[in-house]
Amino acid sequence: MGIEENVGNVVNKGKDLYEQNKDKIAEAVKSEQAEDISDKVLDGVADFAKKIAPGAADKIDEIRDQADKAVGNE
């Protein structure tokens, strides 16, 4: 077995696992726990970015809010 074949097998197994569990994965991403964690991470990144580029605070908040809508349940 070559490296490419091994990698291909791993990728295919990953795809299969995703397909078997995609409903559970989607539920986890939209959970309250994911919301809490993502809020903390996004707030930290946004605060750091504002320290580096204080003139872009409004744009940073806009990007943070858009990212927040993609993860969690709020």
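Take ILE52 and decide whether it is among the β-branched types (Val, Ile, Thr), over 17 Å from the mean Cα position of the chain (by Cα) and either surrounded by 14 or more Cβ atoms within 10 Å (Cβ to Cβ) or at pLDDT 90 or above (or both). So ILE52 passes the test. Annotation: of all residues in the stretch 34-46 being out of contact with any helix residue (DSSP H, G or I) (no Cβ under 9 Å at 6 or more places or on another chain) and surrounded by 11 or more Cβ atoms within 10 Å (Cβ to Cβ), the one that is farthest from LYS24 (Cα to Cα) is VAL41.
The values are calculated or read from the model by the stated rules, or taken from the named source; none is laboratory data. The structure displayed is predicted, hence computed values, not measured ones. Note that each Cβ is placed from the backbone with ideal geometry, even for glycine, and that neighbours are counted across all protein chains shown.
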